[in-house]
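The structure under discussion appears below in the form of structure tokens.
Derivation of every value follows stated rules applied to the coordinates shown; laboratory data play no part. Values in this document were obtained by computation on a predicted structure and should not be read as measured data. Backbone-built Cβ (ideal geometry, glycine too); neighbour counts: all protein chains shown.
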Ligand code: SF4
């Protein structure tokens with residue numbers, strides 16, 4: 001399939017090249033231009049509690065935060081930023097502070113005189129969100145823009161006068177009614193929303209601006225940033241970009257979602273500062289940021305084969321067209337291959353790690369939603385009957401299996417393709433794209449002549465994502481539609497680093513519709529436990545479990561295969577009305593088996609409902625000890641006591657037919 005080449009959104013798709021942005025000074029540090037990619041986080045304390053906030057800021061700074069953002073929901077908190085700043089400076093911390101503003105221009109104007117940067121949300125600055133789909137005539141739209149100009153210009157003038165920087169931070173979930181009416185909640189709408197405010201600031205001669213386009217769905221987030229850069233390129237702009245996935249959640253899922261969204265862009269040279277939003281203590285966000293950023297330090301990559309015309313649209317998702325072979329490719333969900341090639345012994349109980357539990361009493365296998373489809377055993381053997389849905393891939397020469405042939409496939413080295421006979425039976429091909437011969441015409445001709453092959457693509461290049469993407473594009477250019485399994489291995493020093501590497505290098509490909517399956521591998525052996533990580537993984541029995549969870553979470557985050565409940569939970573801030581971490585854990589415990597249901601857990605009613613994105617159910621703090629429940633964007637139960645709220649939420653899920661009993 002060919003299409004007209006879409007507008008570019010980065011300097012290179014085949015070589016690591018950072019998009020050159022202007023430098024914006026925030027106190028003593030610069031963002032964009034020649035500066036490294038900066039990392040930052042946001043406090044979760046009550047901004048009126050000066051000492052608690054200062055102490056949290058210090059923990060974040062000590063963990064590496066180069067900027068610290070603090071929420072200022074009203075003029076009182078904005079005023080208190082002065083006390084916080086003074087106390088921090090008194091204690092010897094010069095880190096620039098950022099005031100986070102929603103709705104309230106007077107708080108923004110106060111904060112801009114105190115801190116080094118203000119963040120405004122163009123979806124709600126001086127706007128009350130009504131969730132009304134009002135039809136705006138051109139005149140009404142222009143009148144709204146004039147109103148915004150009047151409200152926003154004073155802040156721009158103050159920033160100019162005080163040398164304060166500004167982030168125009170668009171959120172997918174909180175676009176203004178005006179933007180929604182014209183664009184819907186689309187990446188186009190997000191970019192238009194930022195541009196409305198950007199143009200007002202530029203008219204005042206103010207350009208000390210950073211832009212962001214966050215969303216909780218990494219696909220939307222990545223498309224919005226691409227569109228923003230493409231629009232900047234078209235109009236000669238070069239503002240630095242702050243990257244983040246909002247409401248990413250906690251634990252591994254939060255890290256995986258963030259790595260996919262953020263690193264997809266960083267790989268293509270987009271992004272000057274990052275924040276990972278986790279529903280955890282903010283200082284835990286910084287090690288994750290560091291693991292991401294260090295991937296790009298001193299990243300010099302030799303260019304790959306040039307792309308003449310992009311055969312897919314980077315601004316709209318569509319799955320690469322592939323041939324269906326067995327249960328792989330076409331419109332089928334991507335398969336997951338579990339790696340048992342390093343295991344000394346494969347037993348029925350070791351398969352529990354990848355979703356298969358054998359019950360000896362009933363002689364039955366119980367299969368989880370997140371159960372692997374294949375196991376790659378390498379040279380190892382399986383000496384028991386496998387569950388019906390599980391198949392084996394083995395190395396050539398391994399004939400150890402007393403099992404039905406239909407369940408067993410050999411992984412054939414790509415160099416042996418010329419010796420293969422063309423036959424209908426599916427064959428897996430081990431193809432490392434770093435080998436020069438796989439780019440040759442002769443090799444491509446051989447691929448074309450085969451009947452049913454599935455390619456396991458790997459690379460050890462530093463820009464592995466770009467390299468794998470280039471090869472898949474090369475296959476498309478040659479009209480080869482064999483399914484491709486993305487095979488990614490990691491030998492990074494901790495599980496946390498491996499989590500980031502595996503998610504970033506594979507997830508970016510699934511976001512663009514590439515990949516009919518995934519095989520993750522780790523240099524850790526089964527007997528190396530989770531102590532190698534900076535934090536505890538709960539509860540991990542083996543490296544296979546880690547890899548299997550990661551593979552399914554990557555597919556879930558890229559919405560290519562839904563196997564579990566999705567949680568959209570805000571990172572909490574000074575507005576939060578309940579213990580978000582504890583509540584999220586309790587909700588997860590009771591609802592984790594609701595495959596495909598999306599539950600938002602938001603700390604406050606002011607921003608929460610706007611930022612729940614496309615959640616099916618919302619659990620939102622609406623006052624001290626009070627929770628309001630939502631079905632989609634509609635309030636269904638107001639201000640219920642927090643002790644009853646979880647039962648009420650489950651009742652609501654039941655009422656709408658989305659409840660099933662846990663096994
Ligand atoms: S939704 Fe959460 S992070 Fe956002 S303002 Fe409310 S409490 Fe803070």
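Order the peptides 542-548, 472-478, 5-11 from the highest to the lowest mean number of other Cβ atoms within 10 Å of their residues. Provide the component values of the computation, followed by the final result.
Details: 542-548: 23.6, 472-478: 18.9, 5-11: 16.3.
Answer by packing, highest mean first, reads 542-548, 472-478, 5-11.
How big is the antiparallel share of DSSP beta bridges in the chain, given as a percent to the nearest 5?
Details: 19 of 86 bridges.
Around 20 percent of the beta bridges assigned by DSSP in the chain are antiparallel ones.
Could you line up 479, 102 from fewest to most neighbouring Cβ atoms inside 10 Å?
Working: 479 10, 102 26.
Final ranking by Cβ density, sparse to dense: 479, 102.
Per the Kirkwood definition applied to all pairs of different Cα atoms, how many angstroms is the hydrodynamic radius of segment 424-544?
Here the Kirkwood hydrodynamic radius works out to 15.7 Å.
Mind running the shape call on segment 513-663? Use the C-alpha gyration tensor, a ≥ b ≥ c as the square roots of the eigenvalues: rounded below 1.5 for a/c, prolate if a/b tops b/c, oblate otherwise. Walk me through the numbers on the way to the answer.
Details: a/c = 2.15, a/b = 1.75, b/c = 1.23.
Because a/c hits 1.5 or more and a/b exceeds b/c, segment 513-663 counts as prolate.
Sort out for me the Cα centre separation of segment 58-85 from segment 332-380, rounded to whole Å.
So the two Cα centres are separated by 48 Å.
Mean separation of Cα pairs under 8 Å and 6+ residues apart, divided by the residue count of the chain: what relative contact order is that in percent? Please list the in-between numbers first.
Values: 1384 pairs, mean separation 88.9, N = 663.
This gives 13 percent for the chain.
So what is the 222 nm mean residue ellipticity for the chain from helices alone, if each DSSP H run of at least 4 adds -39500 (n - 2.57) and you divide by all residues, rounding to the nearest 500 deg cm²/dmol? Intermediate values should be presented prior to the final figure.
Numbers: 15 runs with 211 residues, N = 663.
Calculated at 222 nm, the ellipticity per residue is -10500 deg cm²/dmol.
For 214, 644, what ranking results if the residue with the fewest other Cβ atoms within 10 Å of its Cβ goes first? All intermediate terms of the calculation are to be shown ahead of the outcome.
On the way: 214 27, 644 12.
Placing the least packed residue first, the sequence is 644, 214.
Between 0 and 90 degrees, rounded to the nearest ten: what's the tilt of helix 580-591 against the longest Cα principal axis of the chain?
Helix 580-591 and the main axis of the chain meet at about 40 degrees.
For 375, 346, 328, which order do you get if you count the other beta carbons within 10 Å of each Cβ and list the fewest first? Walk me through the intermediate numbers first.
Numbers: 375 27, 346 19, 328 24.
The fewest-first ordering by Cβ neighbours comes to 346, 328, 375.
From the P(r) of the chain, can you give the percent of Cα pairs sitting at distances over 50 Å?
On the way: 28918 of 219453 pairs.
Every Cα pair in the chain considered, those over 50 Å come to 13 percent.
In degrees between 0 and 90, to the nearest 10, how far off the longest principal axis of the chain does helix 495-511 point, with axes built from Cα atoms?
90 degrees
Helix 50-62 against the longest principal axis of the chain: what's the angle in degrees, Cα atoms only, rounded to the nearest 10?
40 degrees
If you find the alpha carbon centre of segment 629-663 and of segment 184-260, how far apart are they in angstrom?
So the separation of the two Cα centres works out to 33 Å.
Counting pairwise Cα distances across segment 460-501, what percent come out greater than 13 angstrom?
62 percent
Starting from 0 in steps of 5 Å, tell me what percent of the Cα-Cα pairs of segment 376-469 lands in each bin.
In order of increasing distance, the bins hold 3, 12, 21, 20, 17, 14, 9, 4, 1 percent.
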